[in-house]
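Let me begin by presenting the structure, written as structure tokens, before commenting on it.
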Amino acid sequence: MQAIGLPPDLPPDWQARALEKLDELLHKYRSLQVYLDICVRCGACADKCPFFRGTGDPKNMPVARAELLRKVYRYYYTAGKKSPKTARAEPLTEETLKEWFTYFYQCSECRRCSVFCPFGIDTAEITIAAREIMASVGIANKYVSEVIANVYRTGNNIGIPDAAWKDNCEFLEEELKDETGLDIRLPVDEEGVDVLLVPPSADNFVNLETMKGYAKVFHAAGISWTTSAYASEAANFGLFLNFHNMKRINRRIVEEARRLKVKKIVFGECGHAWRAAMYTATLNGPLDFLETPYPIHCTEFTLALLKQGAIKLDPTANDEYIVTYHDPCNVARAGGPLEEPRALLKASCNHFEEMPAHTIREYTFCCGGGGGLLSDEVMEVRMAGGKMRAEALKTTRANRLATICAICKAQFRKLLPHYEIEAEVEGVHSFVGRAILLNRGG
């Protein structure tokens, strides 16, 4: 815990510290106080939450989960302290913290409830605030804490050292040589190139076809690029813990872009990585050493190359697949891209079909593994949270599920067998990589 700036144990003055953090957040984020004040408990959010629908636990209704923080807010910031029963207000106690830990870590911060809230309440911001308050007194999800510590120790979430990162890039170069006959590189720590690619580390060790897809795109377009062994992780689990760690993890990428003297930062296929990356200029700017737009998502980057004619795709390369697309929550409800992945899939595949309209784009259902829930310890909750997405997928004929999120990919490899769905999950750049015509790049 100390490695990520959290107290190792619950401090003796934990209540004062927690209330101090609550006060700080209320003054720093005016939206938080608005969200705590304006809810009328209409319940419009209830059946929109995949975790409530999956678990059936009434405290997983977004309104009920948020009420766990609201009742403490009312006790200390309204007249609730004088008449707690009437105001439904309660002081902050250790029992309250235990309940917070249980339910605020059963929220994936997917924000689907916010799309349907008639007042526009972003319930994810309430979850984020509760987690930040808990973190200030040393209470945090073990999985999230260990992942963040791995980033500071090795540069990536899965704890892979520099040498292993480089070795696997060389291994993929050999695979690409065998597959294509071309010298397609996966450079590491090269200075003065055009692009720093920051993929989720899982792409270099699990989602190998996606990683090879990135490399093929750069090769075919003739663009110089590199990855970084120091900043080998796009994902930012600080988003699931507290602002301090989100900013610190993001800063590593900016520092590395400066050191390597690149022109662009391109983020790989990772949902919450993109949600944090979009605020890079605010978190660790200015970014005036980079070309605009900055940063840029890999699907936006690749689609631009396709439209410019810098790369060409042959969709018959994926004719054995019927493909559908899952919008990761942190992409779909935090600024896109929505259409770019679909455009790439349609250009790469002849057989593409959508899931029902009320389950995609901004209405997408959570995979069940986001928000720091991707742990075997909460497998039952994960499977319940992904139930609605599984049911939507069953309405298609798809034998391939494409998505642009490493967490979603890992979750679906558990979820699909659980719900007896005969399909495999891949990244969008896996399909691009199979379809791309490499003779244009030599």
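Where a number appears in this text, it was derived from the coordinates with a stated rule and is not lab data. Owing to the predicted nature of the structure, the values given are computational and were not obtained by experimental measurement. Cβ sites come from the backbone with ideal geometry, for glycine too, and all protein chains shown count toward neighbours.
For a paramagnetic label modelled on Asn350 (point 7 Å from Cα along Cα→Cβ), amide N atoms under 15 Å away belong, within the stretch 403-442, to 435. Once C-alpha pairs closer than 8 Å and six or more residues apart are averaged by separation and normalised to the residue number of the stretch 160-309, the relative contact order reads 24 percent.
For the chain, the longest piece that avoids every one of the GluC sites (Glu not before Pro) found in DSSP loops with at most 11 other C-beta atoms within 10 Å covers 1-190. For the pair the stretch 1-53 / the stretch 273-352, the C-alpha centres are spaced 32 Å from each other.
Checking every one of the chymotrypsin sites (Phe, Trp or Tyr not before Pro) in the stretch 25-75 against DSSP loop status and a limit of 16 other Cβ atoms within 10 Å picks out Tyr29. Taking other C-beta atoms within 10 angstrom as a stand-in for reagent exposure, Leu401, Leu287 fall in the order Leu287, Leu401, fewest first. In a simple Cβ point-charge model (Lys, Arg +1; Asp, Glu -1; nothing else charged), the chain has a dipole of about 1620 debye relative to its Cα centre. Modelled spin labels at Ala163 and Ala87, positioned 7 Å past Cα toward Cβ, are 6.1 nm from each other.
For the chain, the list of Cys residues with no other Cys C-beta under 4.7 Å reads Cys39, Cys42, Cys49, Cys107, Cys117, Cys169, Cys270, Cys298, Cys349.
Could you tell me whether the stretch 366-431 comes out rounded, prolate or oblate from its Cα gyration tensor? Rule is a ≥ b ≥ c as square roots of the eigenvalues, rounded for a/c under 1.5, then prolate if a/b exceeds b/c, otherwise oblate. Cα axes put the stretch 366-431 in the oblate bin. Among the trypsin sites (Lys or Arg not before Pro) within the stretch 71-131, those in coil by DSSP and having at most 15 neighbouring Cβ atoms inside 10 Å are Lys82, Arg88. Per residue, the convex hull spanned by the Cα atoms of the chain measures out at 134 cubic angstrom.
Beyond 19 Å, what share of the Cα-Cα pairs of the stretch 325-379 remains, rounded to the nearest whole percent? Here the tail beyond 19 Å accounts for 38 percent of pairs.
State the answer as a single residue: which of Phe205, Ala273, Gly181 lies farthest towards the positive end of the charge dipole of the stretch 181-315, with beta carbon charges of +1 for Lys and Arg and -1 for Asp and Glu, about the Cα centre. It is Ala273, whose Cα lies furthest towards the positive end.
Sequence-distant contacts, meaning Cα pairs under 8 Å at least 6 residues apart, place the relative contact order of the chain at 17 percent. For the chain, modelled as a GNM whose springs connect Cα atoms under 10 angstrom apart, the maximal fluctuation among Phe237, Phe104, Phe289 occurs at Phe289. Distance between the pseudo-spin-label points of Asp23 and Glu99 (7 Å out from Cα toward the beta carbon): 2.4 nm.
Kindly flag which residue pairs out of Lys387/Lys414; Lys216/Lys414; Lys166/Lys212; Lys59/Lys409; Lys212/Lys394; Lys177/Lys212 have an alpha-carbon separation exceeding 19 Å in this structure. The answer is Lys216/Lys414; Lys59/Lys409; Lys212/Lys394.
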